[in-house]
Structure formats: structure tokens, C-alpha cells
Amino acid sequence: MRFIHFITTLLFLSVGTAYSQPATPPVGNGPRPGGAAPTGRIYGKVQEQDKKTPLEYVVLQVYTVATNTEDQPTLITGGLSQANGDFTIDKVPIGQALNLVISFVGYEKQEISFQLQKSEKDLGNIRLKPSTVLSEVVIDGTIPDYRIEFDKRVYEVDKNPINAGGTGEDVLRNIPALQVDMDGNVTMRNSSPQIFVDGRPTTLSIDQIPADAIQRVEVITNPSAKYDASGGGGGIINIVMKRNRTLGYNGSLRAGMDNRPRCNFGGDLSVREGKFNFFINGNFNQRKSLNIGTTERLSYLNQPTELWYQEQNSTQKGYFLNGRAGIDYFMDNRNTFTITQSVTRGEFNPVSDLTSTTDTLGTDGQFIRWNSYDRNTINERTFMNLGTSLLYKHLFPKEGTELTADVNFNSISGDNFGEYENRYADNNASKQKQTGTSSTKIYTAQSDFTTLFGNNEKLEAGLRGVIRDYTSTFQNFFYDYPSASYLEITNSLVDYSYVDQVYAAYGTYARSFEKWSYQVGLRAESSNYTGKLHTTKQTFKIQYPVSLFPSLFINKKITEKQDIQISASRKVNRPFFMQLIPFVDYSDSLNITSGNPGLHPEFTNVLELSHQYNFHKNHSLMTTVYGRYMTDLIVRNQVTSWSDEMNQNILLNTFANAGTSSAVGVEFILRNKFTQWFELTSNFNLYHSDIDGTNIDANLKNSQNSWWVKTNAMFRLPKGFIFQAMFDYSAKRSLTVTGSGDSGRGFGGPHGGAENTVQGYILPTYGLDLALRKEFTKVKGLSAAVNVQDVLKSRVYETHSATALFVQDTFRRRDWQLVRFTLTWKFGKADHSIFKRKNTNVNTEGMEG
């Protein structure tokens, strides 16, 4: 918690220009003739009101007192309280009426009027009262730490033992209201959210983000107009990476191993002095992932009826290397520049064995085996992600007014190689090969402006532009035994490129009253695609006009213990390029796909009603009723089509706009700290979903009720031990309707489970994760953690889907009973002068910031 408070107070000081020089000369006693006005110091101690415990990193700011209603108070100086609660502030004018404003996260702001008559003044013990306002609720001592802000929920995950040595998958799986399946797909309230890193959309998948590099996770269930509208109604998950601006140095080193066995190493370091803050972190993770699965399909596509059965075992070995470094330059009290460079490199080599059989229905009603084969697959996949960002932040003399601007460049490249050898029951054999390369360059620019009007009004506005330049080439070959060489299958060549551009502008206005507050916002977005199929020389251009996306938030403080909030917004999902171009992709004979140039964007209206009740500072309940209504929902549509290339009827996977879709639900998040050693977080979600696709087919209609529950128990044991247990259960639910952000492959077997349009369901599943952490007292900062994933070997993915063309059942299991051991050492020193002789005046050191 101390780290959270320190980071928050630094941000508060920056926004409030606590360390800046006054924009105008102080009122009151002016400069003496021939010299500066006399100054002195004030000092005292800050404590928590009830327990009278000292509070560290409390923000203290000294302001002038306005002499008339037209003048604004001027900030003169400020400081932070120390670990024992003591504070000292120098350069305080003597003989002038002043106000001391005391601010601390989770506590009510306090103001003290005083006048310095001598060179120093003792303000005594200042006791702060904990705040119970919805905009900032802090439950002390929980791991992960949790608080609710105006439009998001914040989870501090740095000390969570169940995440040690893992990836972003493990971190998000442990967050209330989120579900992560075995393939790393994240859902929130049965919808797919956008994944952000440090407040911006990321090009990384969550399994490429090391858990040990994550400081906190912010969950935004209903984003305001400030955020991208093109994420649909799934919300935003913002992963905030570790970076400390504490004066001095701090960091950590870690190493671990799992039972595959595979190892991981990592570390981070921050060094801050004067105008510069340097930060760097790096992680190396070896991976070995085990997968087993079966797929059974009864096909009515051709006569007689066919029964297909596939059984697969695969092992994926590989690694990813992640590094990030940057510099903060505090040019002066009002201007800060930050440059960051990141690199992620990965290599994975999946090897799988697949057995496939095909039976045909005989005249006697019994299935007759007519084809079977074994397929051995060897794949090599590599990727490189380079990211550069430059951030500028300017603080204006007016309190709470700031301008930020950033530009980002990401380059992602990947290479794929696959070799497939089929051995048939009649002793024949065939071999195929697939090679591919892809490249994406993403350019992003954004600027945001924030200002305050008085103490209860706030205005935000911004501009954003994104350009994505994507190219992809995939070639397929078959092995010609007479010539002993591979020959290309020309009709399966995939070679295209496109440029996607999105431009947006937004504005929000917020105002607060004694018990009410509200925020209204409006965002405008437009986008366009330009692309080319290099095989046919066809070009495409699709432009979506400007659309408006309003948002509204209303808060009401009912009592000191409970608050209520209602929010509404409008979102959009635009079809991506491959969903639009009418190109038939034969690269996977079991999943032949084609785009639909007639697709429309899908629009989503989101409504939430939340109630927060604090039974006690250690017990709280958040209840949320939510609803989503979508029009023109983009779904996969499987149709029968004649293929000249294959000289037969084929099942073609394309896309269509279903009529409407709606979902309503209620969510409960209960947090209890029963004792100093036992904490429990419980999450229950119940929802109902409807999909009406009768505009596509009279039978394409589905309705489903479902629920899921997640509990996270934390036990603080003697001798520095912490034990954690996380259990989740998901009841039977509808198959996920594929939206515009999905690019999965189809039938099953080597390419994953089927995602049928609207007919089908996922069977119930549950799982248990355990973790034990030991904090060593003899070696400061040293800890060890052991965690076990899917202890009961129960997390399986089973589906049933049915259409007029087939009935299919799938079963998959991945990475069961994975055990990891991680050793971590954290170090640091709040040294105000690392590279030069120390200055004993600690109260004026580090006042840039």
C-alpha cells in the first residue's frame, strides 16, 4: 500500500504543481526593500484519526488566502510526510495568512489556516478521517489491494503469490469479474474487452506479458467517451507495468522453474535523482504447453452421412524474451518528457500427433470405416515486437490544468513454418508444407487536455489517430514423391495487404455537488480500410463515416456507507479486413473461409447500475446490474457452396450481420477481511443472453441463462507465510458468438475447437489454483512462492454445436496441474543524492516532480 500511496501522491503533486514556483507574487507582506520576504518553516505529524497510526507520503500544500472573491489562492510550497508521519515544510512566508491543505488517498481532505509569526511553527498532530466516497474506496491490507474510482476498479497485484513466475493470463484469471479460458481469451460479463498496457491499446497478447512486470490491473466495465468506441461493449482491461519514480533506487530480481521443467528469469530497476528517472526491466520465460483434445462431427453436407472423429496430442515448446527501458526527464516544474523502448521476442515450436477417422453411413444404418490417417505436425513460429513511445506532459499554473501528448510506433513481424505428414490406413502417405510471414506497423498519436473550474467542475478533451499497415503472405505446398520436391498449391496462396485508419475526438464535462456528481461525454470516430489482394490484383476501399458515441455517468452519495452510480454509453465494432474481402481461403481444407463485403459495423448500447455498500472498512459489497443491446451483430455464417477448385460441395465459413443480440445480468463482488490473517473476495455473476439471427436463417435463434462464481481466499500465516486459494466455476453457457475481433480457425483438431454461429453451448467447468508464499525476515526483501495451476485437473473445454449441416462435440484440456516455484528479491533505498554528495536539507531535495 505504501508504494500505491507514494505513486498516487506524486501524481497528485504533479497535477497540482506542488513543487512549482508561484505564478504571481504572494499577497500580504511583500518583499522588503533591497531583499526577499522573510520565510520560516512549519512542522508536525500526520496520523490516522482512529488508530492514531502515522501516515506516510501524505501531500501537504501551502496556499495563500485570497483577499477577495476574484482572486485565486496561489500555491507557495509543499512537501510529503515521512514514514513516522513527521513533516517539515520550509520557505513559508512570515506574517501572512496561509492555508495548509492536507490530501491523502482514501482519506478526507483537510484544510488548516495559520499565520507564521516567528521563524517556525509546530502544527501538532493532524489526524485524517478515512473517506467513504464511492470515487475512492480503499480496503487496507487486502492482497491484491483493491479500490474503486469514478469509472474503474483498481487491483494491485504485485504481491499476489498466485501470479509469481506466470504471465498476464495468470494475473487476469485472478481478477474478479474476469474469465480467462485455456487459450488465453479474456471475457468480462460474457463479452471480450479491449486489452490496454499503460493506458494504450497493446499489440501484445496477455501470455507475452510477464506477471512479475505488472504492478496493477484497472477494470473499466463501461468506458466513457474518453476511451476508444471501437472496442465494442466489452469494456477495457488496462495493465499497468511497474515503474517507480521514487528518489533513489529500487528494483527486484527473480528466478523460477516449473515442473515441465522450464525456467524463468527477470528483474527491474529504477534510479531517480534530480531531473532524471531511469527505469529498465527484462524477463525471460521458457514455456512448455501440453494439449489434448478430441472432435467428433456428424456431417449431413454430402450423402451418405459421414462421421468424422479426430484425436490430438500436442506439445508446444518455446520461450519469450521481454525487455523495456525508458527515461523520465523533468525539464522543469511544469514540463516532463518520457521516452520508452520495448522489445518482445518469442519462438514456439508446437509438435502434434493427430489421428483422424471418417465413417460413412451404410444401407443398414451402421457406420462403415472408409478412411483414416495419422498426421504428424511440426511447426516453427517466431515473432518480434518493437515499441517506441514518446510522452510529453505540461502543467499549467492553474491548478488541475494539464496537457499531455504522446506518439507511439509499434512494429510486429512474424514467421511461420509448418510441415504435415499424413500416413493412411492403406499404407499410402502424403506430406504438406506451409510457410508464411506477416508484418504490422502501427502509428498512434494522441493528445489530452484537462482543466478545472473552481473546485467542482472538470473539462477533458482530446484527439487521437491510429494507422495500421498490415501485410500477410501464406503459401501451401504438397510433396511430389516422383520429383522428390515440394510443389506449390497455387489456389491456396494467401497474399494481401491493407491499411486501417481510425480518427477520433472527444470531450467530457464533470461536475460535483455535495452528494451528487455527474459526467457527460461525446466522442466522434471515423475509419477506413484500403487493401489489395496481390494474387488477383484486386483493390478494396471501405470507408465508415463519422459516428457519435455519447456517455453519461451519475453518482449519488446516499449515506456515509453507501453510494449508487448509473452509467450509459454507446460503442461500435467494425469488421476487420479479412471479414470484408470476398477471397476464398483454401489453406485449411476443414475450414474454408471467405469474407463478406456487405458487412455493416455492429453497434452496442451499454447500461449499468452499481451500488456500493461499506458494512465496515474491512467489508464491502458492490452490486451491479448491467445490460447490453447490439444491432447488426457480426457472426460466423456457415453455408453450402459449390467449389470448382475442389469439384464438390463445401462448407464455406463466412460472416453475416445477425439481427439483434441482448444480454442482461447482475454481478456481486463481496470483499471481507474477517481477521488480520484471513481475507476473502467472492464474485458471482448471473446473466441471460438472446441472439436473434432469423434474418439469416429461420432457425438461427438462441437464448441461454448462465452463471459463474469465483472465490479468492488469502491466509496470512505465522513466520511470514501467505497462503492463497482461488476457485472458479462456470455453469453451462452459450457458445461465444464470434465478433469482429476474432480471427480463430475452424473445425477442430489441429486448428482448435469450432465456434458455431448461434446454435450450441459450452459445458460447465471449474478449477482450483493454490499458492504459498514465504517472506524471509533475515534477508530483507527476499521471498519465495510455490503455486499450482488447475490442481483438480478439471479445467476442460467441452462444446456441443448443431446446425442443419452437422452436429459436433469437442473436448480440450491444456496445462493441467502446472507447478511453479519462484524466488524474488526486492531492494531499494530512498536516497536523494545517489551520484553526488548528499544535501542534508531533505525537505527541498526532489522537489522536481
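The values are calculated or read from the model by the stated rules, or taken from the named source; none is laboratory data. If you're wondering where the values come from, they're calculated on a predicted model, not measured in any experiment. Note that each Cβ is placed from the backbone with ideal geometry, even for glycine, and that neighbours are counted across all protein chains shown. For the accessible areas, the whole protein counts, side chains as well, though only heavy atoms, and no ligand, DNA or RNA atoms are used. Shrake-Rupley method; radii C 1.70, N 1.55, O 1.52, S 1.80 Å.
Numbers below:
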{"item": "Enumeration of residues in region 599-653 that are modelled with pLDDT of 85 or more and either of a type in the set (Ser, Thr, Tyr) or assigned to a loop (DSSP other than H, G, I, E, B) (or both)", "result": "Leu599, His600, Pro601, Thr604, Ser610, Tyr613, Ser620, Thr623, Thr624, Tyr626, Tyr629, Thr631"}
{"item": "Condition check for Ile89: open to solvent by less than 40 Å² (accessible area, probe 1.4 Å) and modelled with pLDDT of 85 or more", "result": "yes"}
{"item": "Failed item in (1) open to solvent by 40 Å² or more (accessible area, probe 1.4 Å); (2) outside any strand (DSSP E or B), with Gly233 passing the rest", "result": "(1)"}
{"item": "Near pairs, Cβ below 9 angstrom, 6+ apart or cross-chain, from region 538-552 (in contact (Cβ under 8 Å) with a residue 60 or more places away in the chain and at negative phi) to any residue that is of a type in the set (S, T, N, Q) and surrounded by 18 or more Cβ atoms within 10 Å (Cβ to Cβ)", "result": "Phe549/Ser569; Pro550/Ser569; Ser551/Asn222; Ser551/Ser224; Ser551/Thr508; Ser551/Gln519; Ser551/Ser567; Ser551/Ser569"}
{"item": "Flag for Asp183 being touching a helix residue (DSSP H, G or I) at 6+ places or on another chain (Cβ under 6 Å) and open to solvent by 20 Å² or more (accessible area, probe 1.4 Å)", "result": "no"}
{"item": "Qualifying positions in region 216-240 - at pLDDT below 85 and farther than 13 Å from Val186 by Cα", "result": "Ser230, Gly231, Gly232, Gly233"}
{"item": "Residues that are closer than 25 Å to Ser352 by Cβ and outside any strand (DSSP E or B), drawn from region 253-290", "result": "Asn259, Arg260, Pro261, Arg262"}
{"item": "Any hit, region 401-422, residues being more than 23 Å from the chain's Cα centre (by Cα), part of a strand (DSSP E or B) and polar (S, T, N, Q)", "result": "yes"}
{"item": "Verdict on Lys556 being modelled with pLDDT of 85 or more, among the basic types (Lys, Arg) and in contact with a Lys or Arg (Cβ under 8 Å, 6 or more places away or on another chain)", "result": "yes"}
{"item": "Residue match in region 322-333 (condition: over 30 Å from Asp415 (Cβ atoms), touching a residue at least 40 places away in the same chain (Cβ under 8 Å), polar (S, T, N, Q) and touching a strand residue (DSSP E or B) at 6+ places or on another chain (Cβ under 9 Å))", "result": "yes"}
{"item": "Residue that is modelled with the lowest pLDDT [pool: residues in region 178-210 that are under 10 Å from the mean Cα position of the chain (by Cα), in a loop (DSSP other than H, G, I, E, B) and more than 19 Å from Phe383 (Cα to Cα)]", "result": "Gly199"}
{"item": "Selection count where residues are farther than 30 Å from Ser492 by Cα, of a type in the set (S, T, N, Q) and surrounded by fewer than 17 Cβ atoms within 10 Å (Cβ to Cβ), scope region 429-460", "result": "4"}
{"item": "Any hit, region 729-737, residues being crowded, with 19+ Cβ neighbours inside 10 Å and more than 23 Å from His800 (Cβ to Cβ)", "result": "no"}
{"item": "Neighbours by Cβ (under 8 Å, 6+ apart or cross-chain): first from region 488-503, under 13 Å from Thr535 (Cβ atoms); second open to solvent by less than 20 Å² (accessible area, probe 1.4 Å) and not in a strand (DSSP E or B)", "result": "Tyr496/Phe577; Tyr496/Ile581"}
{"item": "Residue within region 239-255 that is buried (at least 20 other Cβ atoms within 10 Å of the Cβ) and in contact with a His (Cβ under 6 Å, 6 or more places away or on another chain) present", "result": "yes"}
{"item": "Residue within region 107-114 that is in contact with a strand residue (DSSP E or B) (Cβ under 9 Å, 6 or more places away or on another chain), over 15 Å from Ile42 (Cα atoms) and either assigned to a loop (DSSP other than H, G, I, E, B) or open to solvent by less than 10 Å² (accessible area, probe 1.4 Å) (or both) present", "result": "yes"}
{"item": "Single condition Thr64 does not satisfy, out of (1) over 29 Å from Lys561 (Cβ atoms); (2) at pLDDT below 85", "result": "(2)"}
{"item": "Among (1) in a strand (DSSP E or B); (2) farther than 22 Å from Pro350 by Cβ, the one test that Gln432 misses", "result": "(2)"}
{"item": "Residue that is under 30 Å from Lys719 (Cβ atoms) and either surrounded by fewer than 20 Cβ atoms within 10 Å (Cβ to Cβ) or without any contact (Cβ under 8 Å) to a residue 24 or more places away in the chain (or both), where the choices are Phe615, Phe674", "result": "Phe674"}
{"item": "Members of region 692-712 found to be in contact (Cβ under 8 Å) with a residue 24 or more places away in the chain, in a strand (DSSP E or B) and either of a type in the set (Val, Ile, Thr) or exposed (fewer than 15 other Cβ atoms within 10 Å of the Cβ) (or both), listed by number", "result": "Val709, Thr711"}
{"item": "Answer residue from region 597-637, given it is closer than 17 Å to Asp692 by Cα and among the acidic types (Asp, Glu) and is farthest from the chain's Cα centre (by Cα) among those", "result": "Asp632"}
{"item": "Residue within region 514-530 that is of a type in the set (Asp, Glu) and under 23 Å from Thr604 (Cα atoms) present", "result": "yes"}
{"item": "Those residues of region 297-342 which are out of contact with any Leu (no Cβ under 8 Å at 6 or more places or on another chain), open to solvent by 50 Å² or more (accessible area, probe 1.4 Å), among the aliphatic types (A, V, I, L, M) and not in a loop (DSSP other than H, G, I, E, B), in sequence order", "result": "Leu321, Ile327"}
{"item": "Number of the condition not met by Leu493 [criteria: (1) modelled with pLDDT of 95 or more; (2) under 30 Å from Ile378 (Cα atoms)]", "result": "(1)"}
{"item": "Meets criteria (modelled with pLDDT of 90 or more, in contact with a strand residue (DSSP E or B) (Cβ under 7 Å, 6 or more places away or on another chain), under 30 Å from Ile722 (Cα atoms) and surrounded by 15 or more Cβ atoms within 10 Å (Cβ to Cβ)) for Ala830", "result": "no"}
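Here's the yes/no breakdown for (1) open to solvent by less than 30 Å² (accessible area, probe 1.4 Å); (2) more than 30 Å from Thr435 (Cα to Cα):
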position	(1), (2)
Thr357	yes, no
Gly362	yes, yes
Asn376	no, no
Asn385	yes, no
Leu391	no, yes
Lys398	no, yes
